[in-house]
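In what follows, a structure is listed as structure tokens, so that the remarks can point back to it.
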Amino acid sequence: MMSMLAMRPAVSHALLTTPFHTRTAPLVLGQTWRRWAGHAVASCYDWTHDREYAAIRNAAALIDISPLYKYRIEGPDAVHLLERTVTRRVAPAAIGQVLYTPWCDGRGKVIDDGTLIRLGETVFRLTSAEPNLRWLDMNAFGLDVRITDVSAALGALALQGPLSRAVLNEAAEQPVDGLRYFRMMDNRIAGMDVQISRTGYTGDLGYEIWIPAEGCVAVWDALMAAGAGYGLTPAGMLALDVARIEAGLLMLDVDYHSARHALIESQKSSPFELSLDWTVSFEKEAFNGRKALLAERERGPAWRFVGIEVDQESLEALYEEADLPPALPVVPWRGSVPIFRNGRQIGYATSGCWSPLLKKHLALAHLQAPHFVPETPVEIELTVEHRRRRAAAYVRRLPFFDPPRKRA
Amino acid sequence: MSGAGTYDAIVIGGGHNGLVAAAYLARAGKKVIVLERRHVLGGAAVSEQVFPGFTFSVFSYVVSLLRPEIIRDLELPKHGLHILPLESTLTPLPNGDYLATWADPDLTRREIARHSPKDAEAFVEFGHLMHHMARAVKPLLGMVPPDPTSLSPRDLAGMLRLGGHLRSLGPDRVHALFKLLTMSSADYLDEWFECEPLKATKAASGIIGTLMGPRSPGSAYVLLHHYMGEIDGVFRAWGFARGGNGSVSGAIASAARSFGATLRTEAPVRQVLVRNGRAVGVVLENGDELRAPVVISSLDARRTYLELLQPQELPEEVVRQVRRIRYRGSSGKVNLALSELPNFICLPGDGPHLRGAISISPSVDYLERAYDDAKYGAFSRRPYMDIVIPSLLDPNMAPPGRHVMSIFVQYAPYHLEGGWTDERREAFGDAVIDTLSEYAPNLKSAILHRQVLTPLDIERTLGLSEGNIFQGELALQQLFFLRPFAHWSGYRTPIRGYYQCGSGTHPGGGVMGAGGRLAAMQVLADQRLSRRTAGRVTVPAKPGEA
């Protein structure tokens with residue numbers, strides 16, 4: 001009996017760590033960890049995130065995105081399963097092509113969103129923010145397809161920034177110059193087989209590198225060595241948050257809630273309400289939510305997901321009244337902030353930040369019809385010295401920042 | 001005391017519901033007395049030092065359903081209620097593995113995914129669904145249940161309120177609710193999960209206190225009943241009361257006293273006095289008479305109607321209905337004083353898994369087999385158990401380094417083949433210890449004292465008919481407007497001035513306190529009504545008052 005007891009490993013209740021943990025942990029100087037899908041990830045490595053953000057826009061940043069859920073979907077009916085599950089057309093995708101797409105429940109409300117890589121004729125890999133194995137499995141009933149959760153087997157790094165291509169060309173065996181936007185190539189780094197997709201969550205030139213867990217440390221080291229001359233900087237979630245807000249990219253559980261977890265209907269959003277119209281393809285005969293989405297397209301969405309730019313002079317005036325210099329959200333914020341027009345609440349912002357690049361206070365917001373038209377003047381609530389005030393703001397088209405190098 | 005022996009209301013039974021009723025009435029300015037037969041208040045919610053230095057929640061042992069409005073209205077935290085978190089559930093398995101759920105959703109998902117990744121996801125969505133279902137049913141817990149056959153304004157208003165609520169749920173959830181009301185918990189859970197210990201541990205809530213198995217239709221609803229407590233998220237009233245469940249009663253008693261109620265122990269009531277079809281007081285076993293225009297019984301329906309009243313005082317149809325109520329107590333309790341903590345094969349050592357509930361429910365088949373034994377009049381040779389170790393949560397429950405363990409056991413049928421004897425009680429205790437020792441082999445040697453309670457013991461000690469812990473099975477045909485029986489679900493009885501408030505009334509048991517509160521509300525509403533019609537301010541005259 002005792003030997004049996006001794007054989008069982010002690011069960012740890014510690015947060016999971018990513019395959020890069022031995023490399024990232026010593027760099028987190030302020031112990032500023034946060035939780036992402038049950039994993040410990042760095043909010044920032046340095047005491048503040050400013051330099052990490054600057055690397056994303058000026059040089060190159062290395063971001064551990066391993067906690068993403070990743071599913072390998074393969075089999076003769078893989079295309080069939082995905083066509084019925086996601087809103088975008090999957091069949092025409094070339095091998096090596098990557099699609100960004102949401103997926104909906106039967107009433108056309110978004111469950112999750114992520115990227116879908118076509119690895120082969122009948123092999124795909126889907127990333128998601130939340131677990132989706134059960135949803136995929138239920139949709140696969142009667143289909144000849146195998147769905148495997150490869151989340152833990154695959155580490156992932158985002159290498160983002162204007163110099164990311166140069167860093168990769170130094171580190172990878174094959175040059176990545178020919179890799180087009182939203183395409184994927186097989187490559188090798190530090191002797192490890194990796195996949196490199198030209199994708200990211202920063203709206204900048206950048207790549208995501210998909211690495212078998214056992215090769216992650218070697219690839220990290222090789223990239224850091226190659227990037228030494230290019231200002232390559234490990235970046236945490238705060239820097240990434242600023243970049244993704246500038247890029248107008250939404251985040252599950254921050255900017256919207258999964259239809260599966262919403263407690264009331266108004267907590268759900270359709271792709272149209274999230275301004276993801278371009279991802280919905282009615283050319284497909286059948287996919288989850290098609291009927292509801294068709295009807296919604298006819299009548300027009302009740303909400304849109306838009307950019308908000310706070311009028312800096314109005315904000316400064318509010319602070320001036322309190323005899324204070326204007327305060328800027330130097331750390332990106334998440335929450336729910338009311339947006340008004342003509343004294344009536346017409347929506348709410350869900351995340352925002354000060355953009356060091358654009359020198360603007362930006363937010364992402366859900367606005368009701370008809371107020372979501374770009375350049376509409378609105379007001380955003382903010383708290384100035386304990387008092388709730390409203391600053392003038394404008395509806396803006398997303399993304400706020402869209403450099404040509406992203407696609408070039 | 002001037003006017004000794006006369007009160008505005010007499011409450012029979014000092015269990016938590018009786019105390020709640022008394023507290024609400026006293027709070028409304030009524031002169032109230034509670035009469036408890038035993039030497040301690042609390043009914044089934046008592047803490048007693050069964051062995052020197054070891055305090056047990058002898059019968060009921062956790063708090064989850066205590067109504068938040070009662071906690072608020074009676075200011076129970078001020079009166080000593082302190083609920084400690086009971087955040088995990090461990091289900092040890094015969095193969096040396098285990099299943100656990102924890103307070104943190106990420107941790108729970110990781111653990112369930114070890115057994116079934118799909119179930120880990122379903123678990124979250126099932127929780128949402130139960131939340132919605134519980135919300136659908138919850139308004140019923142706070143109201144006198146409307147009778148759908150009645151055209152009285154109150155019943156109609158109640159039905160409208162419920163109807164409106166059902167409509168707001170949307171068709172999908174109404175369909176799900178209908179399934180929940182009609183299915184067995186095993187079938188219902190099969191629609192969601194594939195992992196046996198997960199299904200069994202959830203299904204176990206559907207069989208507690210009833211002589212039904214997880215495959216008996218109707219058990220799914222009971223599962224929901226136990227989810228009710230979990231929806232008041234902010235309260236997180238799911239846990240273990242510091243000092244044991246006696247401190248829940250103690251806090252309510254303290255509140256009742258602070259409002260002026262008189263609480264008497266060792267005051268068994270022989271009979272309710274009825275004059276001209278209305279209650280006028282009670283006679284104690286010692287012959288004392290107490291007078292009041294309102295008498296509230298917190299006992300179960302059998303005692304409330306057939307023992308405290310003369311059957312000839314009641315309509316035949318009422319007597320018939322009362323006699324039909326199913327009690328069939330099916331639960332036992334084993335309380336252990338331990339020299340050391342149990343060492344589970346699946347998780348050796350004294351980790352956090354011991355601070356939560358431990359459920360012996362490895363599979364639905366296991367539970368159903370346990371039920372099979374009981375169905376034919378035997379106690380389960382390998383029973384379902386729900387175990388807590390209160391001394392890990394509140395060190396005052398046992399001497400330093402020692403522990404108390406509370407084992408709720410299902411099934412121990414009241415109607416045991418051949419009847420319960422001392423030998424059979426101990427054999428039942430042995431079956432419990434033997435089964436648990438398979439998972440924690442050091443248990444036997446750690447036992448300093450053991451107390452085994454059968455439904456017969458529960459009946460004899462607490463007066464609960466057939467030892468049913470809910471004062472009548474929580475089965476659908478005995479719920480809502482059928483609890484305790486048709487036409488009399490509204491806390492009144494056919495005898496004017498005589499009310500019922502125990503867990504045998506709507507909405508049922510589980511240390512909710514709802515019956516006590518709603519009955520008190522009914523008494524006060526009736527008095528307002530009679531004041532209005534009589535145009536007088538006083539309560540009705542007290543016959544026999546000098």
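Specify which of the listed residues (A:LEU143, A:LEU157) is of a type outside the set (Val, Ile, Thr) and surrounded by 23 or more Cβ atoms within 10 Å (Cβ to Cβ). Write out each step before concluding.
Values: A:LEU143 fails: surrounded by 23 or more Cβ atoms within 10 Å (Cβ to Cβ).
Answer to the selection: A:LEU157.
Find the residue count for the range B:462-474, including only residues that are within 18 Å of B:LEU308 (Cα to Cα) and out of contact with any helix residue (DSSP H, G or I) (no Cβ under 8 Å at 6 or more places or on another chain).
Here the count works out to 1.
Checking the conditions here, which among B:ASP187, B:ASP147 is in contact with a Phe, Trp or Tyr (Cβ under 9 Å, 6 or more places away or on another chain), away from chain A (no Cβ under 12 Å) and surrounded by 16 or more Cβ atoms within 10 Å (Cβ to Cβ)?
Numbers: B:ASP187 fails: in contact with a Phe, Trp or Tyr (Cβ under 9 Å, 6 or more places away or on another chain).
Of B:ASP187, B:ASP147, the one residue that is in contact with a Phe, Trp or Tyr (Cβ under 9 Å, 6 or more places away or on another chain), away from chain A (no Cβ under 12 Å) and surrounded by 16 or more Cβ atoms within 10 Å (Cβ to Cβ) is B:ASP147.
Mind counting the residues in the range A:104-155 that are touching a residue at least 12 places away in the same chain (Cβ under 8 Å), away from chain B (no Cβ under 14 Å) and either part of a loop (DSSP other than H, G, I, E, B) or of a type in the set (Ser, Thr, Tyr) (or both)?
The total comes to 8.
Can you tell me which residue within the range A:223-273, out of those that are more than 14 Å from chain B (Cβ to nearest Cβ) and among the polar types (S, T, N, Q), is farthest from A:LYS291 (Cα to Cα)?
Checked the range A:223-273; the qualifying residue farthest from A:LYS291 (Cα to Cα) is A:THR233.
Within the range B:117-125, is even one residue at pLDDT 90 or above, more than 11 Å from every other protein chain (Cβ to nearest Cβ) and over 17 Å from B:PRO352 (Cα atoms)?
Checked against the condition, which is being at pLDDT 90 or above, more than 11 Å from every other protein chain (Cβ to nearest Cβ) and over 17 Å from B:PRO352 (Cα atoms), the range B:117-125 yields no hits at all.
Determine which member of the set A:ALA322, A:ALA349, A:ALA391 is over 20 Å from A:HIS257 (Cα atoms), buried (at least 16 other Cβ atoms within 10 Å of the Cβ) and at pLDDT 95 or above.
A:ALA391
Can you give me the number of residues within the range A:307-356 that are out of contact with any Phe, Trp or Tyr (no Cβ under 8 Å at 6 or more places or on another chain), in a strand (DSSP E or B) and of a type in the set (D, E, K, R)?
Count: 3.
So which residues in the range B:433-442 are within 14 Å of chain A (Cβ to nearest Cβ) and in a helix (DSSP H, G or I), if there are any at all?
Let us first name the residues in the range B:433-442 that are within 14 Å of chain A (Cβ to nearest Cβ), namely B:437-442.
Those that are within 14 Å of chain A (Cβ to nearest Cβ) and in a helix (DSSP H, G or I): B:SER437, B:GLU438, B:TYR439.
Among the numbered criteria (1) assigned to a loop (DSSP other than H, G, I, E, B); (2) of a type in the set (A, V, I, L, M); (3) within 14 Å of chain A (Cβ to nearest Cβ), which one does B:LEU354 miss?
It fails just one condition, (1).
Looking at (1) at pLDDT 85 or above; (2) under 18 Å from B:VAL222 (Cβ atoms), find the lone condition where B:ARG492 falls short.
(2)
How many residues does the range B:443-502 hold that are in a strand (DSSP E or B) and aromatic (Phe, Trp, Tyr)?
Initial filter on the range B:443-502 (in a strand (DSSP E or B)): B:447-453, B:492, B:496, B:498-500.
Those still in the list that are aromatic (Phe, Trp, Tyr) too: B:498-499.
Of the residues in that region, 2 qualify.
From the list B:ASP430, B:ASP373, B:ASP386, exactly one residue is outside any loop (DSSP other than H, G, I, E, B), acidic (Asp, Glu) and buried (at least 22 other Cβ atoms within 10 Å of the Cβ). Which is it? First the steps, then the outcome.
Working: B:ASP430 fails: buried (at least 22 other Cβ atoms within 10 Å of the Cβ); B:ASP373 fails: buried (at least 22 other Cβ atoms within 10 Å of the Cβ).
B:ASP386 is the lone residue from the list that is outside any loop (DSSP other than H, G, I, E, B), acidic (Asp, Glu) and buried (at least 22 other Cβ atoms within 10 Å of the Cβ).
Condition first: more than 30 Å from B:TYR491 (Cβ to Cβ) and either without any contact (Cβ under 8 Å) to a residue 12 or more places away in the chain or not small (Gly, Ala, Ser) (or both). Now tell me which residues in the range B:121-155 satisfy that. Quick ask: steps written out before the conclusion?
Just the residues of the range B:121-155 that are more than 30 Å from B:TYR491 (Cβ to Cβ), to begin with: B:121-129.
Correct list: B:GLU121, B:PHE123, B:VAL124, B:GLU125, B:PHE126, B:GLY127, B:HIS128, B:LEU129.
Just need a number here: residues in the range B:36-76 that are part of a helix (DSSP H, G or I) and in contact (Cβ under 8 Å) with a residue 24 or more places away in the chain. Write out each step before concluding.
In the first step, residues of the range B:36-76 are kept if they are part of a helix (DSSP H, G or I); the result is B:68-73, B:76.
Still in the list and also in contact (Cβ under 8 Å) with a residue 24 or more places away in the chain: B:68-71, B:73, B:76.
Final tally of qualifying residues: 6.
If you go through the range B:94-110, how many residues are closer than 27 Å to B:ARG382 by Cα and either within 8 Å of another protein chain (Cβ to nearest Cβ) or buried (at least 19 other Cβ atoms within 10 Å of the Cβ) (or both)?
6
Are there any pairs with C-beta distances below 8 angstrom linking a residue in the range B:236-254 that is on the phi > 0 side of the Ramachandran plot and surrounded by fewer than 24 Cβ atoms within 10 Å (Cβ to Cβ) to a residue that is modelled with pLDDT of 95 or more and of a type in the set (Phe, Trp, Tyr), with the two at least 6 apart or on different chains, and if so which?
Qualifying pairs under 8 Å: none.
Regarding the range A:368-383, can at least one residue be identified that is more than 23 Å from A:GLY203 (Cα to Cα) and in contact with a Gly (Cβ under 6 Å, 6 or more places away or on another chain)? Steps first, please.
Restricting attention to the range A:368-383, the residues satisfying the condition of being more than 23 Å from A:GLY203 (Cα to Cα) are A:368-371, A:376-383.
In the following step, the residues that additionally are in contact with a Gly (Cβ under 6 Å, 6 or more places away or on another chain) were identified as A:368.
Yes, the range A:368-383 contains at least one residue that is more than 23 Å from A:GLY203 (Cα to Cα) and in contact with a Gly (Cβ under 6 Å, 6 or more places away or on another chain).
The values are calculated or read from the model by the stated rules, or taken from the named source; none is laboratory data. Here the structure is a predicted model, which is why all the values come from computation and not from measurement. When we count neighbours, we look across all protein chains shown, and the Cβ atoms used for this are built from the backbone with ideal geometry, even at glycine.
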